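The values are calculated or read from the model by the stated rules, or taken from the named source; none is laboratory data. This structure is a prediction, so every number in the text was calculated from the model and none was measured. FYI the Cβ positions are ideal-geometry reconstructions off the backbone, even for glycines, and counts take in every protein chain you see.
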Amino acid sequence: MKPPKHFRVSAAFVPRSVPRRPADCTSPELFAAAILVRLLICLAPAATQTGLPRRKRTVISHERLEAILRTLPRLTIGLVGVLFLDRYLHLVPGSSEQSIETGLEAYQIDRVRNSPGALGTVLNNLAALGVGLLVPVTAIGDDGHGYDLLKEIRKLPVDPAHVLCLPDRLTPTYTKPLRQAPNGQWHELNRIDVRTRGPLSEAATGELCRRVEQVFRTSDGLIVLDQLVDEDCGVVNSAVRATLERLASEQPNKLIYVDSRRFLGKFSVGVLKGNRSEVVGAPTAEDDAPIDQSLDALSRKTGRPAFCTMGERGILVARPGHEPTLVSATAVSGPIDIVGAGDAATSGIVTALLSGATELEAAALGNLVASITIQQLGTTGTATPEQVLAIWTDV
C-alpha cells in the first residue's frame, strides 16, 4: 500500500531537545513522569529498527558539508533515462461549461505550466544544488510536447546535444488538470498519460548506446534512472544495460549510479539505489528476506555500495565487508509531500559521492536534501546549498 501523498510527521520522531522543567511544575514526581512519557515516545520508533546499526546526523560535519557543496559547480554529471514533460492545466476557478456535442463538462484552462519530469526531476534537483553541467542521454518525440520539454530544460545548466528527437516516438507527457477548491487549494483531476508503449528501434538503441559511452567518458559520473515498469520499452533497455556493464569493466572507479523502479535486480554493475519495495522485489535476494539482507545481496552482487530510502527512518546503506547501516532521517514537522523525495535523495547521494564523501556522508546529504523538498507542498521541490546548510544548523 502506498502512503498518502500528504500526511503529517510528528516532531516526536526525532526530538530536538529534552524538555526543561516547566516553571509551574512544582512536583518532582509529575516532572519525572512527564520525562518518562517523552522518552517512551522518543524510543518507540527505535524499537522497530530490527537491530540495524544507526548513525546520527553528526555523521557529516558542517565543515565537511560546506566542502562538498563548494565542489558542485565543478562537476559534470551524465544522466540516462526517460525524460518526461509534466504539464499542469489550471482550470478557471468557478467555471462550469458543458460541451454542446457531448453534454460533458468542457474544462476551461487559463494557465498552462510545464516542467521536466522523471529524469527531469533529477535534473532540477542537481541544478538547484549548483552542479556545473548536466548532460542527459534520452529519446523524446519530434512533436509539440518535445518542443515544450526542450524549452524547459534549456533553462537549466543542461547540454541537450544528446536528447534524440525521434519522429516515430511520442514525447512522454503527464498532463495534470488542476481544479481549485473553495479553500484555495489546487487538486489534481484524472491524469492523462502520453507515451509510446513499445521498444525503441534497433537504430535508435544503437545511437543511444553510442551516446551513453560518449557521455560516460566525458563526465565525472553517470546517473541511470530506469523509471518505466514496461521492460525494454524505455531508454534503459537490455542493450543499454550491456553497454553500462562494459563501461564499468573498463573504468571501474568511475561512478555509475542506478535507480530502477522495477528492474534493480537486472543490473550487475554500479551503485544501486531503490526504496523498500524496489529492493525487496529485486530477484537477487531470497523471498521474504529482511530489507538489510536484500540490500546487502545487491551490494555483494555488484561489489559496490547500495542505498535504500526508508521514508521517515532515513537511508539504509550496504557496503561490501560491512554490516548495513541506517543513517537516520532529518527531523521535519508539519504537512509534507513525499512526491520526488527519492529523486531528491539521489541528487544528494550522487553529488556527495562525486565530491569524495563516504557512503554514510552521502546518505546524510541525501536525507538533508529530501527533508527540504518534502516540505514544499503541491510541487516537486528542490533544495539549494543555502537551504541545506540552514537545515543542518536547525536540526
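Side notes on the structure shown:
- Residue within the stretch 103-116 that is within 22 Å of the chain's Cα centre (by Cα), farther than 26 Å from residue 221 by Cβ, assigned to a strand (DSSP E or B) and among the basic types (Lys, Arg) present: yes
- Flag if residue 300 is charged (D, E, K, R) and more than 19 Å from the chain's Cα centre (by Cα): yes
- Selection of the stretch 376-389 for residues being crowded, with 17+ Cβ neighbours inside 10 Å, part of a loop (DSSP other than H, G, I, E, B) and at pLDDT 85 or above yields 381, 382, 383.
- Test: residue in the stretch 337-358 that is modelled with pLDDT of 95 or more and either among the basic types (Lys, Arg) or surrounded by fewer than 20 Cβ atoms within 10 Å (Cβ to Cβ) (or both): yes
- Selection within the stretch 177-186 - more than 29 Å from residue 140 (Cβ to Cβ) and either in a loop (DSSP other than H, G, I, E, B) or of a type outside the set (S, T, N, Q) (or both): 181, 182, 183, 184, 185
- Matching residues, the stretch 200-212, being assigned to a loop (DSSP other than H, G, I, E, B) and without any contact (Cβ under 8 Å) to a residue 60 or more places away in the chain: 201
- Residue among 245, 250 that is out of contact with any strand residue (DSSP E or B) (no Cβ under 7 Å at 6 or more places or on another chain), exposed (fewer than 12 other Cβ atoms within 10 Å of the Cβ), within 30 Å of residue 299 (Cβ to Cβ) and acidic (Asp, Glu): 250
- Taking the numbered list (1) farther than 20 Å from residue 133 by Cα; (2) in contact with a Ser or Thr (Cβ under 8 Å, 6 or more places away or on another chain); (3) surrounded by 23 or more Cβ atoms within 10 Å (Cβ to Cβ) in turn, residue 363 passes all entries but (2).
- Taking the numbered list (1) surrounded by 16 or more Cβ atoms within 10 Å (Cβ to Cβ); (2) of a type in the set (S, T, N, Q); (3) within 30 Å of residue 355 (Cβ to Cβ) in turn, residue 205 passes all entries but (3).
- Residue 161 of a type in the set (Gly, Ala, Ser), part of a helix (DSSP H, G or I) and surrounded by fewer than 14 Cβ atoms within 10 Å (Cβ to Cβ): yes
- Meeting the requirement of 3 or more residues that are in contact with a helix residue (DSSP H, G or I) (Cβ under 8 Å, 6 or more places away or on another chain) and among the hydrophobic types (A, V, I, L, M, F, W, C), the strands (runs of 3 or more DSSP E) wholly within the stretch 213-325 are 221-226, 255-260, 306-309, 314-318.
- Scanning the stretch 343-388 for residues that are of a type in the set (Ser, Thr, Tyr) and without any contact (Cβ under 8 Å) to a residue 40 or more places away in the chain gives a single hit, 358.
- Residue 315 free of Cβ contacts under 8 Å to residues at least 60 places away in the same chain and within 25 Å of residue 116 (Cβ to Cβ): yes
- For residue 274, the conditions (1) farther than 16 Å from residue 80 by Cα; (2) surrounded by fewer than 20 Cβ atoms within 10 Å (Cβ to Cβ); (3) in contact with a strand residue (DSSP E or B) (Cβ under 8 Å, 6 or more places away or on another chain) are fulfilled apart from (2).
Table: residues versus (1) under 25 Å from residue 383 (Cβ atoms); (2) in a helix (DSSP H, G or I); (3) of a type outside the set (D, E, K, R).
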site	(1), (2), (3)
135	yes, no, yes
138	yes, no, yes
145	no, yes, yes
148	no, yes, no
152	yes, yes, no
155	yes, no, no
165	no, no, yes
170	no, no, yes
175	no, no, yes
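- Restricting attention to the stretch 339-375, the residues being assigned to a helix (DSSP H, G or I) and more than 22 Å from residue 117 (Cβ to Cβ) number 12.
- Out of 317, 236, 269, sole residue that is in contact with a strand residue (DSSP E or B) (Cβ under 8 Å, 6 or more places away or on another chain), under 17 Å from residue 139 (Cβ atoms) and not basic (Lys, Arg): 236
- Just one residue in the set 259, 292, 296, 288 is surrounded by fewer than 19 Cβ atoms within 10 Å (Cβ to Cβ) and of a type in the set (Asp, Glu); that residue is 288.
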